[in-house]
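Contents: one structure, followed by commentary.
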Amino acid sequence: MKATIERATLLRCLGHVQSVVERRNTIPILSNVLIDADAGGSLKVTATDLDLQVVENMAAASVEAPGAITVSAHLLFDIARKLPDGSQVSLETADNRMTVKAGRSRFSLPTLPRDDFPVIVEGDLPTSFEVPAKTLAELIDRTRFAISTEETRYYLNGIFLHVAEDDRPVLKAAATDGHRLARFTLDQPAGAEGMPDVIVPRKAVAELRKLLEEASDGNVLIDLSASKIRFTMGGEGGVVLTSKLIDGTFPDYSRVIPTGNDKLLKIDPRSLYEGVDRVATIATEKTRAVKMGLENDKVTLTVTSPDNGTAAEEVSADYSSENFEIGFNAGYLKDILGQIDSDTVELHLADAGAPTLIRKDEKSPALYVLMPMRV
Amino acid sequence: MVEEDEEDGDAPEAPIGLRKIIHVDMDAFFASVEQRDNPELRGKPVAVGGSGGRGVVAAASYEARKFGVRSAMPGVTARRLCPDLIFVRHRFDAYKEASRQIRAVFRHHTELVEPLSLDEAYLDVTEDKLGIGSATRIAELIRQEIRAKTQLTASAGVSYNKFLAKLASDQNKPDGLCVIRPGEGAQFVQSLPVRRFHGVGPKGAEKMAKLGIETGADLAAKDVAFLRQHFGSFAEYLYRAARGIDLRPVRANRIRKSVGGERTFGEDISSGLLLRETLDNIVDIVWESIERAEAKGRTITLKLKYTDFRIASRAHSLPHNVPGKTEFARVAHGLLEEMLPLPLPIRLMGLTLSNLEREGAEPERGRDEAQLSLL
């Protein structure tokens, strides 16, 4: 293989794929990226961790000799980063080595054969639909913070996607860690009807979100089966992310979304966020709870720490139900409030031990449920 | 030999009533997983680990053990003992998956599970969840369930303390079960060679042989004062062990403080070259235990024992967890270089990783006690 490519192009592409490659690998070839130069003048770069695979095409300046090889992803990325801006990078293989040349720099890197590089077998992906890249990005942003990191409940380690017939056909995305839940609803895209319920793993979500950053216009093509999902993004040459899905059953989360909470608090999410943030300054590892005292048109936030004293702040609000107190994990509350881009947020409360529903308003595609803390 | 530091850092042992303890140990775990997943390896001598240069055998199949191949043995030595030995690479993901299944089987019977590594655990079944009552019956069920779920075999030892349960699991390996009933412990220990005692390595056994101690009975014949004179702080343990006494509880949430290993040499070492080679060897062995224990830590300590038994150690802490073996080796060598030249030859070298954070452990645990759950 011999090809020449703009340093900027190479860097951008490796930047996309290298984070898929785990830093610590017991299988050596998984540290590598597959570089495949075709006679048509393009380079295809593939990275995988066996569960997730990203393939990106980039235009080469020239391909002198087509061929394919694998080389350390992090090494090549680090080299590309340090090469001078604007340089042309030549990649050439000979004798189990790949020579990287740019300007006066020359690197000779060990390689492993392309045939040893594992490729995810997609199989048949019968469901196929498109979602605008911006919508997909918002879906991820609104839900990913609630994904569980607890490995014992592995089926919560991702975003759950499923279709439903509410008042209209919809596609819903949900994530929960057992303490809070985030759900995002959009009109069902054509082609999504009858799709299997799937759980997209956290790492795939994170990588996809990064790729969407640069694909903000246009649509993302989603193909899936019950075990695999593939996202195809436009952009120069295109990027394809394929991931295995989490093999598990997502709990029936709809039962934890409260419908009869009768106490409505309307408040400026920014003021509440900042107030919580301020009083939580004295919260320690053990006491992360912020107590909300609800009174007529006002909320009093308090934190009591055995070590650091007490803090309190009043925030004006729109509230006319009976007075009561409820505690929340300050971090969880801030995570949710940070999602609301509006002057008002609605908190639908029942009592100090019951789930609270939080949303911008009833038309909002995003909905959050937060379980209180005992205080 | 490799020693894993099992200190708990909390309260001293409390007297405990008669307990039912099971020690479960998978048979040639890594090698068996490889043979299970690759039929071509079945019935053949297999070693997991590096064959090249300074690679170390991480696990050997029973076919390989017949030739004298043992874990922690240099690959070249193993190859010499067994020319047909097939070396395969680690697949830690596969081992972790099997380990997860095994632990699920344990938790079916009790929450009091103390894993020692991926393939070994103590269980306290004094009050088992299913109310079976007989520890022997539970051990048999566990072995059957493990076989059904993983197609792997496990050996189990049943007794009334951890020391005896571990000895028992080793008694009828592979695929065996051994029960040491109350009242039989002291007698069981009597006939054992001291080498079988956890913590007694080849050098320790050699030293005991010189003192006329070959078996548990020989050891039991010595008084504490004699043992203290010759074995220092190790004496109490030996005194109890020789009588089959061990009061340590099974700790389900034991926090491991460090993982490390050390080697005592047949001959004293002083040459720089030999020291560096020895260190490489210890790095291999200790890194292996670190991966097996899924430990992540920041502090690396190098310990040397001079010929006059003085101990010198030097430690280095990274701002982050040690990311891989290369970095681990680099820091270890840096520590050694700082200690050179040595004032005296050394008879022992040890390396430890501490400041641990458990992989997959949630540092936020405990803080959520007052956090109510949705699901």
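Quick notes
- Top-ranked residue of the range B:151-203 - restricted to ones that are assigned to a helix (DSSP H, G or I), without any contact (Cβ under 8 Å) to a residue 60 or more places away in the chain and in contact with a helix residue (DSSP H, G or I) (Cβ under 8 Å, 6 or more places away or on another chain), ranked as farthest from residue B:70 (Cα to Cα): B:186
- The listed residue being surrounded by 13 or more Cβ atoms within 10 Å (Cβ to Cβ), over 30 Å from residue A:205 (Cα atoms) and among the β-branched types (Val, Ile, Thr), out of A:256, A:279: A:279
- Count of the range B:318-375 residues which are under 21 Å from residue B:281 (Cβ atoms), modelled with pLDDT under 90 and within 14 Å of another protein chain (Cβ to nearest Cβ): 5
- Residues in the range A:186-213 that are in contact with a strand residue (DSSP E or B) (Cβ under 8 Å, 6 or more places away or on another chain) and surrounded by fewer than 18 Cβ atoms within 10 Å (Cβ to Cβ): A:186, A:187, A:190, A:191, A:193, A:194, A:196, A:197, A:203.
- Within the range B:83-142, considering residues that are hydroxyl-bearing (Ser, Thr, Tyr) and surrounded by 15 or more Cβ atoms within 10 Å (Cβ to Cβ), the one nearest to residue B:250 (Cα to Cα): B:122
- Among residues of the range A:192-214 that are free of Cβ contacts under 8 Å to residues at least 12 places away in the same chain and under 12 Å from residue A:224 (Cα atoms), none has a beta-carbon under 7 Å from a residue that is outside any helix (DSSP H, G or I) and of a type in the set (A, V, I, L, M, F, W, C) at least six positions away or on a different chain.
- Selected residue (only one of A:340, A:282, A:358 is touching a strand residue (DSSP E or B) at 6+ places or on another chain (Cβ under 7 Å) and either acidic (Asp, Glu) or closer than 30 Å to residue A:164 by Cβ (or both)): A:358
Yes/no matrix, rows are residues, columns are (1) within 23 Å of residue A:368 (Cα to Cα); (2) out of contact with any Asp or Glu (no Cβ under 7 Å at 6 or more places or on another chain); (3) buried (at least 21 other Cβ atoms within 10 Å of the Cβ):
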residue	(1), (2), (3)
A:311	no, yes, no
A:320	yes, yes, no
A:329	yes, yes, yes
A:340	yes, yes, yes
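- Some residue of the range A:138-148 being modelled with pLDDT under 95, closer than 22 Å to residue A:49 by Cα and part of a loop (DSSP other than H, G, I, E, B): yes
- Every residue from the range A:255-280 that is part of a helix (DSSP H, G or I), small (Gly, Ala, Ser) and more than 14 Å from chain B (Cβ to nearest Cβ): A:271, A:275
- Strands (runs of 3 or more DSSP E) contained in the range A:318-375 and holding at least 3 residues under 17 Å from residue A:299 (Cβ atoms) and either among the charged types (D, E, K, R) or within 14 Å of chain B (Cβ to nearest Cβ) (or both): A:324-329, A:356-359
- Residue that is in contact with an Asp or Glu (Cβ under 8 Å, 6 or more places away or on another chain) and assigned to a helix (DSSP H, G or I), where the choices are A:30, A:75, A:50: A:30
- Tallying residues that are part of a strand (DSSP E or B) and either in contact (Cβ under 8 Å) with a residue 12 or more places away in the chain or under 30 Å from residue B:21 (Cβ atoms) (or both) within the range B:267-296 yields 4.
- Residue list for the range A:114-148, restricted to those being within 14 Å of chain B (Cβ to nearest Cβ) and within 21 Å of residue A:227 (Cα to Cα): A:118, A:147, A:148
The values are calculated or read from the model by the stated rules, or taken from the named source; none is laboratory data. Because the structure is a prediction, the values reported are computed rather than measured. Using ideal geometry, Cβ is built from the backbone for each residue, glycine included, and neighbour counts are taken over all protein chains shown.
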